[in-house]
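Asks: Quick one: the structure is below, and I'll ask about it shortly.
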Amino acid sequence: MAQKQTAKKGKRKKDLHALAVFTRGIIRENSLFVLLLGMCPALAVTSSLETGFGMGLLVIFVLTLSNIVVSLIRKAIPEEIRIPAYIVVIATFVTIVGLLTEAFAPALHESLGIFIPLIVVNCLIMERANNFASKNNVVLSAIDGIGVALGFMLALMLIGGTREFLATGALAYGVYLPLPLEGSIINAGLTLFQMEVFVGPAGGFIVIGFWLAVFKAFELYNKRKKKEARDRWIEKKKKEAAERKRRKAMESAGGSA
Amino acid sequence: MLDKLRMALILCIIGAASGLGIVAVNSFTEDIIEQNRIREELEIYFDLYGLEKPASFDRDDEPRDIYCRWEAAGYDSERNRIGEIHTYCVDDDRVHERAEIFDKEGNFLGKVFRVDHTNTYGLVVTLVALDAENEIVEVRIARHENTPNYARRIIDNHLEPFQGQDINDVSFYDGRTGATSTYGSIIHAVNATADNVVDDRALTDYRVFYPEAESYERVFDYTLGCIDARIAVYDGDDELLGHVYPARYANDHEEIALNIAISEGIFKGVRAARPDDRASEELLQALEKYEELDGSPIGEVEVDFDETAYDPSINRLVTQAIIRCQESDHEREMREFFLWSHEQDETADIDHDILQSYQAHYDEENDLIGHVYYGEYDTSDLTDAYDGGIMEVAVAVFTDGTISSVHLLSSEESDFAVRTLEENIRVFFTRSEDMDEDELADAFSGSTTSATGLNAIVEAALDYEDAREGD
Amino acid sequence: MVPAIVVTMLVVSLFFGTYIMNKRTPEPLEAEEVVDKESCTACMNYSCRYKIEETRGD
Amino acid sequence: MSPTVFFVAIISAMLINNVVLLRFLGVCPFLGVSKRSETALGMGGAVTFVMVVGSVLTYLIYYYVLEPFEITYISTIAFILVIASLVQLVEMFIKKVSKKLYKALGIYLPLIVTNCAILGVAETNIREGYAEEFGVMSGLGVAAASAFGAALGFTLVIFAFSSIRERLEAANVPAAWKGIPISLIVAGIMALAFLGLEGIV
């Protein structure tokens, strides 16, 4: 059964066009909430909306470039050293991104700190290189990289925004990144109810756990809905079949009679 | 075989490509990162005093490690002066840097002390900003590696009480904040600042020596032994009244900080720089004996020191102040390592196992002042050296075979060993024209093993100069 | 500049070398499967032998 | 330098700046390999070994290769590749030498390479500036001690967590919260508890 399903999926993927590749990674196969990839940065750098956004940008950059390069060199690399070659490619891009961040967004570099070099061990990037870019052409790989990383960024921003809002009662931006909106604040005036624990480590775990549960609840709800619909459909078909059978029986009975 | 070759080739290409990529990006971003660092360092000063920030920062490229002093001036894009910051590496174990802040009109706004302290959770860089009256403007954590939440709590709640307190009489928030954590680092920083300000009390104390004084100017012209600056004091008509020399020296028992006043060849007195309740009893007692010298010509002061009633450490500092007062500008320049001597030969190599090369220095009349010898010594084989390593030392020797100055150019030793070495240089090799044979022997006996290399180089330089005289 | 490239090439070849050597060393025995495959998704590890061949969506 | 420096380094890396709960390093294996307590201990052992040796190696490379040539900007790529090579070497060594050891630890070794705790601790050791503070050689000792402390902290937390999860299996958790979500909430509560250890050193 399982084999049949994957085979079916694989067949369908053949004629996936670029748009589908792009949107797939954002919601349906969101790398963080659905596939649970890249937990460490998701916990550590999401104490505010903007750090989540910044980290997301870096991941977009690294993932897209590494996907492109991996896809370009996929035919030149012997099977045996495929994985180490990917690691080198990723580590190179991470180093480059680290240097660029330090030069152009020093505040972001400071606040992400150790988690910039740690992008290198972010499972998400390796997974995409190994499972997608090594099998598809450059354009598709680039699109996939952007899509998946965008999904990751949105997830980080969702977590970061939640944590920042709960902790400070406001959302600030323009603090870490050279955005034109420097120093703007969306203040909900809830400063009375701020819960500092949410910018802390404990809050990170709890907020991610909460969002995971929400997404899972949605998934379960959808599943149940689908199952109910299918059950109804089966029921209907069964009824129709029974009806047909009855009619046939009646007809044959009538014919013989 | 072909497979293996192919794999090796691919491997090489990947390695080279990744190396090239990183190098290329680095060469592109290097300057920008450096600029950011400077900007970050300086911008905070503008922020603390509410000054208008300049659009770009320029900095003199004075070699910082030799003179340990650099200036930074902020300019806006139209090159108008919008404020000025002088930062100095401070010769203090605790205070890392001190910045003096001036506004657009050149008025003195205050000082910022940068203190790095590593507590058990990591580094905390604290800035203590003082205004012109030595009251705390703000205590700010510039950077920290402590547990973020905990540091945040301190930043939010426990730094504000410092504002407006007098640095000499600061009171700390008392509670369960922990002495070894973030707040401990703050206390450390504020205390270090208070001590450093004490050394600066000459700036505020000048009226004690010169009651008619109206203004003063701090002059950093050169370092002599334990004195690295002097304060020129002026009366209402901008007439020079005299100087105050802040001096600091650690003897075996304590670290003494003195202010010595000398005006036009007259010894005006010596006072403890720390407030009386913080100076040690012994020092205050020792200083009482010096009161009888007040008002005597400086020539006589030195003669009086022969009596045993006086304290040798204080004598040393007073002598240094007197020497400094007596020196002409030219002598001063020569002493500063002859670096500003009128003319110098090109460096010539020497065939010697310790000394590498030398350079001859001439004065304005083209008479030989002396030679600077550059030597290298490897201490890594010494059994009880700290870390060991190669040290490079420059020794400036006058033609008569006395030492002008000794500079540690580089060392592979740990910071602690380097500090010890610099202390040795300060104690033993400064102003050694006056050194008698015994003192010199003392210096070469080596108080620490790390000094062995230093001594060897200095001794070799002196021997070489002696041999040269024989020629 | 030159040292950077040389050092990078050195570490890269060190890694490739050890990787190939390790891959060619046979495993001594059937290792007991103690890793919980289901929750192993939390870590898409490039060299995790439980995870590596499993692909998603394609 | 007094031995208390090492002791303090170990304790603070283990409890006050716990890698998993307060520094968010190594969360993946924390969630992935912590369903049974003996598994957790095996993982802890392997991580301890690789973390200490990896820290020492990267420290030496930083101060004896990268710093003298002024190429510290390539530290990220150098560190990850050195750690990855180390893991490969160790795995190969164990494969060849001891079947028993391979059975006990070999299974976790591949999981370790991309465990961000290893690279994270190696990077932290450089950022903490032990070399500047204590001198390069003594700093190495402190770096190794804090790596050891971090690994102990990892083991402690992953073991405690696995024990909690064993109980959690039997609990009646709402469907949406089953598995990772409730585990994260538990981890959050553990992190809260660890916050209380601040200030013990």
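The values are calculated or read from the model by the stated rules, or taken from the named source; none is laboratory data. All values reported here derive from a predicted model rather than from experimental measurement. Positions of Cβ are backbone-derived with ideal geometry, glycine not excepted, and every protein chain shown enters the neighbour counts. Calculation scope for accessible area: heavy atoms of the full protein, side chains included, ligands and nucleic acids excluded. Shrake-Rupley method; radii C 1.70, N 1.55, O 1.52, S 1.80 Å.
Asks: Look through A:Phe115, A:Phe152 and report the one residue that is modelled with pLDDT under 85 and among the aromatic types (Phe, Trp, Tyr).
Replies: A:Phe115
Asks: Here's a follow-up. Which residue pairs have Cβ atoms under 7 Å apart, sit 6 or more places apart or on different chains, and have a first residue in the stretch A:31-57 that is acidic (Asp, Glu) and a second that is at pLDDT below 80 and surrounded by fewer than 24 Cβ atoms within 10 Å (Cβ to Cβ)?
Replies: A:Glu50/A:Tyr173; A:Glu50/A:Val175; A:Glu50/A:Tyr176; A:Glu50/A:Leu177
Asks: I've got another one for you. For the condition at the interface with another protein chain (Cβ under 8 Å from one of its Cβ atoms) and part of a helix (DSSP H, G or I), what is the one hit in D:Leu152, D:Leu168, D:Leu184, D:Leu156?
Replies: After ruling out the rest, the residue left standing is D:Leu184.
Asks: Right, another one. Looking at the stretch D:64-77, which of the residues that are open to solvent by 10 Å² or more (accessible area, probe 1.4 Å) and outside any helix (DSSP H, G or I) is farthest from the other protein chains (Cβ to nearest Cβ)? Steps first, please.
Replies: If we filter the stretch D:64-77 for residues that are open to solvent by 10 Å² or more (accessible area, probe 1.4 Å), which is where we start, we get D:64-65, D:67-70, D:72-73, D:75-76.
Filter once more, keeping what is outside any helix (DSSP H, G or I): D:67-70.
Details: D:Glu67: 11, D:Pro68: 9, D:Phe69: 4, D:Glu70: 8 Å.
Selected residue: D:Glu67.
Asks: Could you list all residues from the stretch A:81-129 that are within 14 Å of chain C (Cβ to nearest Cβ) and not in a helix (DSSP H, G or I)?
Replies: A:Asn122 - this is the single residue of the stretch A:81-129 that is within 14 Å of chain C (Cβ to nearest Cβ) and not in a helix (DSSP H, G or I).
Asks: Next up: Filter the stretch B:34-45 for residues that are surrounded by fewer than 18 Cβ atoms within 10 Å (Cβ to Cβ) and either within 7 Å of another protein chain (Cβ to nearest Cβ) or in contact (Cβ under 8 Å) with a residue 24 or more places away in the chain (or both) and give the result.
Replies: B:Ile38, B:Glu40, B:Ile44
Asks: Confirm whether D:Phe30 is part of a helix (DSSP H, G or I), over 21 Å from A:Gly98 (Cα atoms) and within 11 Å of chain C (Cβ to nearest Cβ). Spell out how you get there, then give the answer.
Replies: On the way: part of a helix (DSSP H, G or I): yes; over 21 Å from A:Gly98 (Cα atoms): yes; within 11 Å of chain C (Cβ to nearest Cβ): yes.
Answer is yes for this residue.
Asks: Then there's this: Restricted to the stretch A:66-101, and to residues that are among the aliphatic types (A, V, I, L, M) and in contact (Cβ under 8 Å) with a residue 60 or more places away in the chain, which residue is farthest from B:Leu5 (Cα to Cα)? Before you say what the answer is, go through the steps one by one.
Replies: Going through the stretch A:66-101, the residues among the aliphatic types (A, V, I, L, M) turn out to be A:68-70, A:72-73, A:76-77, A:81, A:83, A:85, A:87-91, A:94, A:96-97, A:99-100.
Among the residues that remain, those that are also in contact (Cβ under 8 Å) with a residue 60 or more places away in the chain are: A:68, A:70, A:72.
Numbers: A:Ile68: 26, A:Val70: 21, A:Leu72: 21 Å.
Filtering first and then ranking leaves A:Ile68.
Asks: Closer than 30 Å to D:Ser162 by Cα, within 15 Å of the chain's Cα centre (by Cα) and at the interface with another protein chain (Cβ under 8 Å from one of its Cβ atoms), is that true of D:Ile80?
Replies: Working: closer than 30 Å to D:Ser162 by Cα: yes; within 15 Å of the chain's Cα centre (by Cα): yes; at the interface with another protein chain (Cβ under 8 Å from one of its Cβ atoms): yes.
For D:Ile80, the condition - closer than 30 Å to D:Ser162 by Cα, within 15 Å of the chain's Cα centre (by Cα) and at the interface with another protein chain (Cβ under 8 Å from one of its Cβ atoms) - is met.
Asks: Within the group A:Asn137, A:Asn122, which residue is among the polar types (S, T, N, Q), surrounded by fewer than 19 Cβ atoms within 10 Å (Cβ to Cβ) and touching a residue at least 60 places away in the same chain (Cβ under 8 Å)? Explain how you work it out, then say what you get.
Replies: On the way: A:Asn122 fails: surrounded by fewer than 19 Cβ atoms within 10 Å (Cβ to Cβ).
Just one listed residue meets the conditions, A:Asn137.
Asks: Given the conditions (1) surrounded by fewer than 18 Cβ atoms within 10 Å (Cβ to Cβ); (2) at pLDDT below 85; (3) in contact with a helix residue (DSSP H, G or I) (Cβ under 6 Å, 6 or more places away or on another chain), which single one is not true for D:Val136?
Replies: (1)
Asks: What are the residues in the stretch B:218-262 that are modelled with pLDDT of 70 or more and farther than 29 Å from B:Ser280 by Cβ, if any?
Replies: Selection gives B:Ala232, B:Tyr234, B:Asp235, B:Gly236, B:Asp237, B:Asp238, B:Glu239, B:Leu240, B:Leu241.
Asks: Just need a number here: residues in the stretch D:187-199 that are within 13 Å of chain A (Cβ to nearest Cβ) and either open to solvent by 40 Å² or more (accessible area, probe 1.4 Å) or assigned to a loop (DSSP other than H, G, I, E, B) (or both).
Replies: Kept after step one, since they are within 13 Å of chain A (Cβ to nearest Cβ), are these residues of the stretch D:187-199: D:187-198.
Those still in the list that are either open to solvent by 40 Å² or more (accessible area, probe 1.4 Å) or assigned to a loop (DSSP other than H, G, I, E, B) (or both) too: D:189, D:192-193, D:196-198.
Residues flagged as within 13 Å of chain A (Cβ to nearest Cβ) and either open to solvent by 40 Å² or more (accessible area, probe 1.4 Å) or assigned to a loop (DSSP other than H, G, I, E, B) (or both) within the stretch D:187-199 amount to 6.
Residues checked against (1) within 11 Å of chain C (Cβ to nearest Cβ); (2) open to solvent by less than 10 Å² (accessible area, probe 1.4 Å); (3) not in a helix (DSSP H, G or I):
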| site | (1), (2), (3) |
| --- | --- |
| D:Phe24 | no, no, yes |
| D:Met43 | yes, yes, no |
| D:Met92 | yes, no, no |
| D:Leu101 | yes, no, no |
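Asks: Let me ask something else about it. Got at least one residue in the stretch D:45-63 being in contact with a helix residue (DSSP H, G or I) (Cβ under 6 Å, 6 or more places away or on another chain) and either of a type in the set (D, E, K, R) or at the interface with chain C (Cβ under 8 Å from one of its Cβ atoms) (or both)?
Replies: Taking every residue of the stretch D:45-63 in turn, none turns out to be in contact with a helix residue (DSSP H, G or I) (Cβ under 6 Å, 6 or more places away or on another chain) and either of a type in the set (D, E, K, R) or at the interface with chain C (Cβ under 8 Å from one of its Cβ atoms) (or both).
Asks: Just checking, does the stretch B:415-437 include any residue being within 25 Å of the chain's Cα centre (by Cα), modelled with pLDDT under 65 and on the phi > 0 side of the Ramachandran plot?
Replies: Yes: the stretch B:415-437 contains one or more residues that are within 25 Å of the chain's Cα centre (by Cα), modelled with pLDDT under 65 and on the phi > 0 side of the Ramachandran plot.
Asks: Same structure, new question: What is the one condition in (1) more than 22 Å from D:Val90 (Cα to Cα); (2) at pLDDT 85 or above that D:Ile16 does not satisfy?
Replies: Of everything listed in (1) more than 22 Å from D:Val90 (Cα to Cα); (2) at pLDDT 85 or above, D:Ile16 misses just condition (2).
Asks: Further question: Quick check on my filter: what residues within the stretch A:210-231 are at the interface with another protein chain (Cβ under 8 Å from one of its Cβ atoms) and either closer than 18 Å to D:Ala187 by Cβ or surrounded by fewer than 12 Cβ atoms within 10 Å (Cβ to Cβ) (or both)?
Replies: Within the stretch A:210-231, the subset at the interface with another protein chain (Cβ under 8 Å from one of its Cβ atoms) is A:210, A:212-214, A:216-217, A:220.
A:Phe210, A:Leu212, A:Ala213, A:Val214, A:Lys216, listed by residue number.
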